[in-house]
1. Quick one: in segment 45-97, of everything that is acidic (Asp, Glu) and over 30 Å from ARG35 (Cβ atoms), which residue is nearest to the chain's Cα centre (by Cα)?
2. Name the single residue that is surrounded by the fewest Cβ atoms within 10 Å (Cβ to Cβ) among those in segment 64-106 being modelled with pLDDT under 95 and of a type in the set (Ser, Thr, Tyr).
3. Output the residue which, of all residues in segment 1-18 that are surrounded by 10 or more Cβ atoms within 10 Å (Cβ to Cβ) and modelled with pLDDT of 70 or more, is nearest to GLN29 (Cα to Cα).
Amino acid sequence: MNTYMAPSLPKESQELIDDIVSSVALAAQLDRAKRHSTGPNATDRRREQCRVSQKSFRERKKKEREGIETTVQSLEEEVQRLEVQKAQLVRCVPLSTILVHQPDFDGG
């Protein structure tokens, strides 16, 4: 412990200064101990923090999965719509013209 030595203070004053410095240091140690405690309460707090984090992670992943499923469904619908549109366009073009440009055309 660092002690402050005032050159002209009486011994009682120096002891008072030492006590104050010591109590400030102890208070700082207590604050650090409270923040970084490892007792049963700290374990319970850590478990609760892990539960909350895991729950929010599962919820985020669920929303992400639902978003992907929605995207897949809309893309499948778009593919069906485009296939119908393609079939309609193929019916409008004479088969002989199609076969000139794409000889292995199978009709649709």
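The values are calculated or read from the model by the stated rules, or taken from the named source; none is laboratory data. Nothing here was measured: the structure is a model prediction, and the numbers come from that model. Here Cβ is always computed from backbone atoms with ideal geometry, including for glycine, and neighbour counts include all displayed protein chains.
1. In this case the residue turns out to be GLU64.
2. Per the criteria, the residue is SER96.
3. Residue satisfying both the conditions and the ranking: ASP18.
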